[in-house]
Structures are given as structure tokens and as C-alpha cells.
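**Student:** Sharing a structure here in C-alpha cells format.
What follows draws every value from the coordinates through simple rules; no lab data is involved. Quantities reported herein were computed from a predicted structural model and do not represent experimental measurements. Ideal geometry is used to build each Cβ from the backbone, glycine not excepted, and the neighbour counts take in all protein chains shown.
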Amino acid sequence: MKHPPVEQILLEKNTPLTSEDKKLFAYFGEGAKIAPPFRILNPHRIHIGDRTSIREGAFINAFLDNRNLMNYIDRKYISDFDEADYLHKGEIFLGNEIQIGRFLLMSCTNRIELENNVLFSERVFVGDNNHTFSHPAVPIMQQPNKQGTPLFIGTGTWVGIGAALLAGTKLGRNCVVGANSVVADEFPDHSVIGMEKAKLLFKRHE
């Protein structure tokens, strides 16, 4: 079944946001900042709270329509895919007074919500979805993203450098996520989450 076109907006700049750029967002808060360079897909589906700050190198994607990927699929496999699988309803809500370090990557096909006063270090990944890879002959980059499972980060939580917050993650208030942790579960308020520290595997020479 053919689906009508979906409005999409790409905001990609090496210069600061203008007042006109800020009007593109669902909401852009008082005193909020996004440092360039940045790449923001569909700002009209993104809420940026008051006094929230996002540092350089952010890629924030609220996916709506990825049907352009179908143009690259080998024609003999195109009937194996449905247009509807490439359509999404990504929505991102960032609360007030959030601080996000450099090189954020955020991928949303459903909903991502960060409550107030969340702190992210650098190189944090947040994704409510993932690539599908069910077709054995078609490159993964041409296959549709999964329909996301909502992701929620509670007030006052701190996420360490290099962490990955995956689909279905739900963190309560004032949690701590250690560096390079991979999180895909629900944790209550005040949880401290992390990987085991490095240990000796073997010695190359005695």
C-alpha cells in the first residue's frame, strides 16, 4: 500500500541556531543552547526544555520517514519489504536544565524522554530502536529500523562517558550509569549501574 509523503525537516549547521531555527522545534526553551556543529532531523518533533545545554557534535534523529532507503534495495528483493516498516513516529522530549556533553547520538522511532536535571557525559548513545537484519541478502543499512520501545531517563540521573542506553531502558530518579555501560532494562530510583572493572586476562610474557 502506498502511503502519502511525510513532512521532514533537516537542520544541519556549523553555526549557532538562529531565532528562526528555534521556531522549527516543537518547543525550544528559554536559555536553551545547542552548540554547533549539529545535525537534527525533524526538530518539529523535538522538545528542548528551559536552560538545557547540548554540546558540540550532537546527532539527534526523530525518524518519521525512511522510505528513501528502499530506492537502494536490489529490485529482486523489493517485494520482501513493506513501506509501512519505514514509517515512524519519533518524538523526543528533553526536560529542563539538562546538561549533555559532546558527540551525543540519539535515534528515535517512538519516544525518548529525559526528565529535568539529567547529566550526560560525552559520547553517549540513546536509541529506542535498532536496525533490523532479517533479510539475508539485503545490506542492513537498507533494511528498516525497528519500531521503537519507549526509553525514559528519570530526574537527576547521571550517565557516564561512552554509555549506550538502548530500547526499553527505564531509569528512575538520581541513578548513576557507569562509563561504557550498555543499558537495556528497568532500574529503580538511586540505582548505580555499571560494568565490571577491567581484569587481567593473561600475560604475554613471563
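**Student:** I need the shape label for the stretch 84-203. Rule: rounded when a/c is under 1.5, else prolate if a/b > b/c, else oblate, with a, b, c from the alpha carbon gyration tensor.
**Tutor:** Because a/c hits 1.5 or more and a/b fails to exceed b/c, the stretch 84-203 counts as oblate.
**Student:** Something else about it: Could you tell me whether the stretch 156-197 comes out rounded, prolate or oblate from its Cα gyration tensor? Rule is a ≥ b ≥ c as square roots of the eigenvalues, rounded for a/c under 1.5, then prolate if a/b exceeds b/c, otherwise oblate.
**Tutor:** Since a/c reaches 1.5 but b/c is at least a/b, the shape of the stretch 156-197 is classed as oblate.
**Student:** Could you state the per residue volume, in Å³, of the convex hull enclosing the Cα atoms of the chain?
**Tutor:** Roughly 157 Å³ of hull volume per residue.
**Student:** Extension gain D185-D50, at 0.36 nm per residue separation less the Cα-Cα distance, in nm?
**Tutor:** Gain in length upon complete extension: 45.7 nm.
**Student:** Identify the chymotrypsin sites (Phe, Trp or Tyr not before Pro) of the stretch 72-161 meeting these criteria: DSSP loop state and at most 15 other C-beta atoms within 10 Å of the C-beta.
**Tutor:** F133
**Student:** Out of residues 5 or more away from R111 or on other chains, whose amide H comes under 5 Å of its own, with H placed 1.01 Å from N in the peptide plane?
**Tutor:** E91, L151
**Student:** When the helix-only estimate is applied to the chain (DSSP H runs of n ≥ 4, each -39,500 (n - 2.57), divided by the residue count), what is the mean residue ellipticity at 222 nm, nearest 500 deg cm²/dmol?
**Tutor:** Computed ellipticity for the chain at 222 nm equals -500 deg cm²/dmol.
**Student:** Then there's this: Nearest 20 debye, what's the magnitude of the dipole of the chain about its Cα centre given +1 on Lys and Arg Cβ and -1 on Asp and Glu Cβ?
**Tutor:** It comes to approximately 480 debye.
**Student:** Let me ask another. G90: net charge of surrounding residues, Cβ under 14 Å, Lys/Arg +1, Asp/Glu -1, itself excluded?
**Tutor:** Local charge sum for G90: -1.
**Student:** Enumerate by residue number the trypsin sites (Lys or Arg not before Pro) in the stretch 17-83 meeting two conditions: DSSP loop (anything except H, G, I, E, B), and at most 13 other Cβ atoms within 10 Å of the site's Cβ.
**Tutor:** Values: sites: K22, K23, K33, R39, R45, R51, R55, R67, R75, K76; in loops: K23, R51, R55.
Counting only loop positions with at most 13 other Cβ atoms within 10 Å, the trypsin sites (Lys or Arg not before Pro) in the stretch 17-83 are K23.
**Student:** What are the semi-axes of the equivalent ellipsoid for the stretch 101-166, taken as the square roots of 5 times the Cα gyration tensor eigenvalues, largest first, in whole Å?
**Tutor:** Equivalent ellipsoid semi-axes, largest first: 27, 13, 7 Å.
**Student:** Taking only Cα atoms and a 10 Å spring cutoff, compute GNM fluctuations for the chain and point out the largest among L104, L87, L69.
**Tutor:** L69
**Student:** I want to check a number: in the stretch 10-193, how many lysine pairs have alpha carbons closer than 27 Å, given a sequence separation of 8 or more or different chains?
**Tutor:** The result is 14.
**Student:** Starting from the Cα-Cα distance between S134 and I9, subtract it from 0.36 nm times their residue separation and give me the gain in nm to one decimal.
**Tutor:** 42.1 nm
**Student:** While we're on this one: Working out 0.36 nm times the residue gap between K76 and I161, then minus their Cα-Cα distance, what length gain in nm do you get to one decimal?
**Tutor:** Extra length from K76 to I161 when fully extended: 26.3 nm.
**Student:** Quick one: which residues, 5+ away or cross-chain, put their amide H under 5 Å from the amide H of D65? H built at 1.01 Å from N.
**Tutor:** Excluding prolines and chain starts, which carry no amide H, the hits are H88.
**Student:** Now a separate question. For the stretch 189-194, just list the computed ³J(HN,Hα) in residue order, Karplus coefficients 6.51, -1.76 and 1.60, θ = phi - 60°, integers in Hz, with x standing in for Gly and Pro.
**Tutor:** In residue order, the calculated couplings are 3, 6, 6, 10, 10, x Hz.
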